[in-house]
1. Sorted by mean Cβ packing within 10 Å, highest first, what order do the peptides A:277-284, B:219-226, A:69-76 take?
2. Any idea what the dipole of chain B comes to, in debye rounded to 20, about its Cα centre with Lys/Arg Cβ at +1 and Asp/Glu Cβ at -1?
3. Once you put a point 7 Å from the Cα of A:THR249 and another 7 Å from the Cα of A:GLU3, both along the Cβ direction, what distance in nm separates them?
4. Principal axis extents for region A:83-218, Cα atoms only, whole Å, descending order, please.
5. If you count, for every residue in B:191-204, the Cβ atoms of partner chains within 10 Å of its Cβ, what is the mean?
6. Looking at the calculated P(r) for region A:62-149, what percent of the C-alpha pair distances fall above 20 Å?
7. On a 0 to 90 degree scale, rounded to 10, what angle separates helix B:19-39 from the longest Cα axis of chain B?
8. Which net charge results when you count Lys and Arg as +1 and Asp and Glu as -1 among the other residues whose beta-carbon is under 13 Å from that of B:LEU16?
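Since every read-out is calculated from the coordinates, none of them should be taken as a lab result. No experiment lies behind these values; they were computed from the predicted model shown. Note that each Cβ is placed from the backbone with ideal geometry, even for glycine, and that neighbours are counted across all protein chains shown.
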Amino acid sequence: MLEFPTWRKVWLWSLTLVAVAAALPSIFSAANIRWPDALPDPVVNLGLDLAGGSHILLEADPQQVKTQRLQNMEDAVQAAFRSAEPRIRAGDVSTRGERLSFMVESTADVDRAREEILPLVNGTGLVREWDLRVDDETRFVLTQTDAGTEAAVSNAMDAATDVVRKRIDALGTREPTIIRQGENRIVVQVPGLDDPEQLKELLGQTAKLEFKLVDPEFQNAVPNDSALSISKVGTQVVPYAEGSGQEGTSMVVRRLGGIQGDSLIDAQAGKKFDDNSDVVNITFDAQGGARFAKLSSENVNRRFAIILDGEVISAPSFNEPIYGGQAQISGNFTVDSANALAISLQSGALPVDLEIIEERSVGPDLGADSIRKGIIAIMIGFFAVIALMVATYGRFGVYATYALVINVLMLLGIMAIANTTLTLPGLAGFVITIGAAVDANVLINERIAEERRRGRRVVAAVENGYKEASRAIYDANVTNFIAGVLLFLFGSGPIRGFAVVLILGLFTSVFTAVTLSRMWVAGWLRRSRPSELNL
Amino acid sequence: MRLLKLVPNDTNIKFLKYRLPFYVVSILLIAASWALVLTKGLNYGVDFAGGLELRATFEQSENAPIPELREQVASLGYGEPIVQKFGADNQVSIRVRLPEAAEGDNEAAQLIANEIVTEISQNHSDFRLDGNDNVSGKVSGEFWETAIWALVAAMAAISIYIWVRFEWQFGVGAMFALFHDVSLTLGMFALFQLEFSLQIIAAILAIIGYSLNDTIVVYDRIRENLKKFRKMELPELLDLSVNETLARTVMTSLTLFVALIPLVLFGPESLFGLASAITLGLFVGTYSSVYMAAPILIWLGVDSNSFIPEESVADKQDRIARGES
């Protein structure tokens, strides 16, 4: 146990140095010292409670949900009538005034139409979502009830909150606060102020992606003013997006027969092979892939438009049929905008458009004054611990102190490399790891003293002390590790913040308190060959 | 240099002599804690309960007087407010919890908002209210659900690990000690109606971590002694194990205590709850390792043969062949 060949010492020291070095940028930035730009600078992010961050208030327009709902109901009714046997014919469809109304062409079909509509109208919930009225025998009028609208808005906001969370915190380590406020608002707070622009870009996109064929008659872009006069049946005019390089012009595309972006299973930012420009690589699910293959093989050398949130971002041609469900979206991207689009596509489209209505920076929940006082108190405690350890264990206490300091630095360094966020619960995890490190040293030192009292010689006592104490240390740490992993997997928010630090800290505390301290003690035993231990 | 010695060598304190009365008292305390939590309830802070948010600007100042505001608003008796910079350096957001009677009552909320505004205006003539609003808690509704599932899953996995490494009785004992610690901490918060904020969640997690660590150390020594002293009576063996680890127990808890005390005494007001909860948990956790986790092994009947490796058939034949009994 006390043999440390040179290669092992080199390995242990280099591991220590790398982790400690990784902590330096965080310490420099906390002390407001400039870190040289040429060096890598991993920094531990501080959470909202410790450092504040950006605050963004998003608002959805309930009217949009209503319109969408009306549109969905129209589609559902049309589909039901089409598939009815025999087909039910209806006309004079209108969705004006928040109502859907239409006339069934033959009075004989009225009862069948009612039967088709009832299940659509009743829904599954307990609330009545639509009012159904029949005027003049054949005119059906469907009105959204207040309760139904409220439920729909609420559902849409729940779904939107989920999408927002996925976009901001894909890895689950950023510790944002995302809460619904009122009926149609979402508050987003993200620690740090590095890049509010990117945050806005992520939240501003609805990310509704569509692929539509360009109408053969209008293969080239048309200036916006003349495009307005085009009213060919079955087509729609879609303007080019800002920053696409084709602003002010529009494409004329076929309304139907395209592909929707909701059949994507993956989206990644990447580079185009030939000119190294930024693109987003997308992968369709099986169904979407098959439809894309069909669309591309039937339309080789024709142009299609890639439409994002109702704006064309580019309109390439199918050079060849695309099988395999993979495609590339090009269109004047930068690295950042390609990344933002990829994340937005992965997280799915927002069910409603969200508008940023307020944007501010917020200070820490705890207040900078409290944090300063807290740091002073923690420092006093730290020195008290060191004094107690040295007074009790002498030389072994000094080694324990080194181990403790290195433990704190290594943990900071690893957290910086892993890009985690430190919050107040995370600090509690820090306290536990420091406690575990202290306890490991206490266990070892007490055990060595005990072995001496039982009459073992110095080297044997140290060797046995480490060996016997290691078992308890091992079991205690594995138990806490298991707790940490499960808290991380099942917990949310603050519990996760605690668990991450706990898991990483268990490794550093065992490494420093057991492995490093043993290396130092072994070195000392070899150098000075003591005949008695002062413990 | 003479070193500090906190615990004399070879102590022989009969810790477990009064295990039954200690157990009865502890179980009564656990029951009382839950009764308090269920009847009086926890005093949730604005993190959990939501409340009133005021936004204000100090027109003539460069920086908002945040520490002062925190004290002034706290003095009104609506719990610990959360005061943070919001926007520019002289703008703040102040969140306070509404008393239960005022929840959902806009008039009552308005009265409280007025009271706060009056209080602050008295000391700061440049105070300008920018708006007030009801806000929901920071913690989402599903927080408790996920937190409880996470704890249950963690406890189950830990029990299995302890069962594998020790014996099932030890798993039960460790869980019971944890349950004891968490219950008493919650009970304390209910009894004194201390504000239960997100920080207290952190404190409880820290207490669980510490208590587990402490229990495992005592158990490790029990396991070692069970192997060593086959003939010793269990209560005597448990006492021996606790005595042998006493120096370590005292030293570790004292070290953590000196680390925490400055935070309780000189730390910021806003961390007082966190620091005192962990300090309290330190004692409860140490106590439970000795008085909850150990004696339960007697009643659950740990067998001193548990840790003897089972004899394989081949070994047995060898032994019989050698003529040993």
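1. My ranking of the peptides, most packed first, is B:219-226, A:277-284, A:69-76.
2. So the magnitude is around 1780 debye.
3. Distance between the two pseudo-spin positions: 7.7 nm.
4. Taking max minus min along each principal axis of the Cα atoms, region A:83-218 gives 66, 50, 27 Å.
5. So the per-residue partner count for this stretch is 3.
6. Across region A:62-149, Cα pairs with separations above 20 Å total 29 percent.
7. Tilt relative to chain B: about 30 degrees.
8. Net charge in that neighbourhood comes out at 0.
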